[in-house]
1. If you take the residues in region 103-128 that are open to solvent by 10 Å² or more (accessible area, probe 1.4 Å) and out of contact with any Leu (no Cβ under 9 Å at 6 or more places or on another chain), which one is farthest from ILE203 (Cα to Cα)?
2. Could you count how many residues in region 323-345 are more than 25 Å from PRO214 (Cβ to Cβ) and open to solvent by less than 40 Å² (accessible area, probe 1.4 Å)?
3. I'd like to check something: does region 58-80 contain any residue that is closer than 27 Å to GLN221 by Cβ, within 16 Å of the ligand (Cβ to nearest atom), among the aliphatic types (A, V, I, L, M) and at pLDDT 95 or above?
4. Taking the criterion of being buried (at least 16 other Cβ atoms within 10 Å of the Cβ) and within 21 Å of GLN26 (Cβ to Cβ), would at least one residue in region 370-390 satisfy it?
5. Using beta carbons and a limit of 8 Å, which pairs, at least six apart or on different chains, have the first residue in region 317-346 and without any contact (Cβ under 8 Å) to a residue 12 or more places away in the chain and the second one open to solvent by less than 70 Å² (accessible area, probe 1.4 Å)?
6. Name the pairs whose Cβ atoms lie under 8 Å apart, with the first residue in region 281-292 and within 10 Å of GLY240 (Cα to Cα), the second surrounded by fewer than 24 Cβ atoms within 10 Å (Cβ to Cβ) and basic (Lys, Arg), and 6 or more positions between them or separate chains?
7. In region 391-404, which residues are part of a helix (DSSP H, G or I), of a type outside the set (D, E, K, R) and surrounded by fewer than 21 Cβ atoms within 10 Å (Cβ to Cβ)?
8. Search region 345-377 for residues being part of a loop (DSSP other than H, G, I, E, B) and within 16 Å of the ligand (Cβ to nearest atom), and hand back the single one that is nearest to GLN156 (Cα to Cα).
Amino acid sequence: MAADPSTLAPLDLTRIRQDFPILSRQIRGRPLAYLDNGASAQRPRAVIEAESDYYQQHHANVHRGVHTLSQEATDLFEGAREKIRRFLNAASPREIVFVRGTTEAINLVAQSWGRPRLVPGDEIVITWLEHHANIVPWQQLCEQTGAALKVVPIDQRGVVDFDAYLAMLGPRTRMVAIAHVSNALGTVLPVEQFIAAARERGITTLVDGAQAVPHQRVDMQSIGCDFYAFSGHKLYGPTGIGVLYGREAELSAMPPWQGGGDMILTVSFERTTYNALPYKFEAGTPNIAGAIGLGAAVDYVEGIGLERIARHEADLLAYATERLGAIPGLLIIGTAPEKASLVSFVVEGIHPHDLGTILDAEGIAIRTGHHCAMPVMDFFGVPATARASFAFYNTRAEIDALVASLGHAREMLG
Ligand code: 7TS
């Protein structure tokens with residue numbers, strides 16, 4: 001059972017921030033306020049050192065050498081897989097496939113799960129708030145198979161319409177692929193409810209968890225989805241590594257996606273037999289250091305505690321919403337009652353890119369643009385937004401700095 005947040009000790013931010021070397025950098029003569037964690041979070045020393053130690057002490061290729069280094073590398077790599085299995089509460093390490101990130105995970109499912117089995121007239125259901133990574137692979141699959149993409153609408157707060165979703169599930173719906181948390185709006189979807197409705201109808205399900213895993217505990221058994229994807233770099237881990245969780249029965253029934261070394265048992269020119277799970281989906285030499293670094297990131301986050309992280313971030317979100325909401329001419333885009341710790345906004349008369357540039361001059365890093373969610377921008381009738389996205393190492397003082405800097409921007413351009 002989740003701990004009661006009110007009984008949790010608050011985070012010691014001074015100590016925590018010392019774990020992240022980059023947070024003590026100065027940018028343009030000002031202390032860095034890093035508020036672009038939704039794009040990529042920063043790494044604690046524990047992650048940097050896990051990768052460095054691997055290269056300095058243990059590097060060799062995995063799963064193939066009888067020599068000591070190869071065995072050590074394999075143990076570290078498979079140890080990381082087990083850490084991730086535990087983190088997600090997956091039933092088995094066979095359900096944890098290492099990939100480059102969320103994007104690759106979703107493409108893998110679209111091509112390996114979808115391409116051989118979808119036929120013209122089949123339907124794939126996504127929502128209006130998806131990141132392009134959970135739109136384009138399905139569009140490509142539709143082009144390849146003749147299946148159709150259905151999009152569940154959102155409302156003015158950025159909440160996905162559950163009744164419209166239910167109405168969209170039909171006899172031809174084969175896949176439901178939904179975000180757990182919207183990167184452009186912050187909306188947290190009640191994925192358990194969405195997945196249960198699909199499963200009752202025998203529909204396969206995928207959850208894009210890229211923006212969820214850094215902020216809350218996710219449990220494969222309670223979510224109940226068939227696939228769950230996330231990226232290491234948003235979870236304080238390395239870039240170029242991510243995870244596809246797949247229910248064993250689903251992964252077993254899927255053909256490999258890419259062919260090559262490590263994913264085979266035997267190869268002859270007549271016939272190739274494939275390796276067991278999860279190796280069937282891990283062709284070629286993997287990102288060994290990345291996986292080990294991701295394991296260290298999971299250890300680090302667990303050491304702090306996801307419940308404590310969620311509580312601190314909820315405080316940051318409430319504070320930022322209140323302070324930003326009080327700025328004249330500033331409109332928050334995305335006001336769902338359940339939100340993760342990010343705020344998207346526009347300021348009347350100032351293009352978000354200009355805002356981003358002025359803030360950078362004061363050491364504040366935010367993201368501006370369409371956030372790879374162009375349909376969301378179209379829905380709200382804006383070309384782009386500015387987005388401040390928070391991590392557990394951020395402080396109220398950094399939000400104060402953001403607000404002050406927005407004031408300067410308004411004086412200069414508003
Ligand atoms: N899905 C969601 C919900 C995301 O937020 C992102 C990245 C992805 C998928 C793709 O992840 P990748 O690691 O494979 O690139 N989102 C963002 C963002 O919000 N700003 O930069 C990247």
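1. Checking each candidate, the answer is THR103.
2. 3
3. There is no residue in region 58-80 that is closer than 27 Å to GLN221 by Cβ, within 16 Å of the ligand (Cβ to nearest atom), among the aliphatic types (A, V, I, L, M) and at pLDDT 95 or above.
4. Checked region 370-390: at least one residue is buried (at least 16 other Cβ atoms within 10 Å of the Cβ) and within 21 Å of GLN26 (Cβ to Cβ).
5. Close Cβ pairs (under 8 Å, with a partner that is open to solvent by less than 70 Å² (accessible area, probe 1.4 Å)) amount to GLY325/ILE332.
6. Correct list of pairs: ASN287/ARG100; ALA291/ARG81.
7. Within region 391-404, the first condition is being part of a helix (DSSP H, G or I), and the residues that meet it are 396-404.
Next, from what is left, pick out any that are of a type outside the set (D, E, K, R): 397, 399, 401-404.
Of everything in region 391-404, those that are part of a helix (DSSP H, G or I), of a type outside the set (D, E, K, R) and surrounded by fewer than 21 Cβ atoms within 10 Å (Cβ to Cβ) turn out to be ALA397, ALA401, VAL403, ALA404.
8. Within region 345-377, the match that is nearest to GLN156 (Cα to Cα) is ALA373.
The values are calculated or read from the model by the stated rules, or taken from the named source; none is laboratory data. Just so it is clear, the structure is predicted and the values come from calculations on it, not from any experiment. All Cβ positions, glycine included, derive from the backbone under ideal geometry; neighbour counts span all protein chains shown. Ligands, DNA and RNA are stripped out before the accessible areas are found, and what is left, the full protein with its side chains, is counted by its heavy atoms. Shrake-Rupley method; radii C 1.70, N 1.55, O 1.52, S 1.80 Å.
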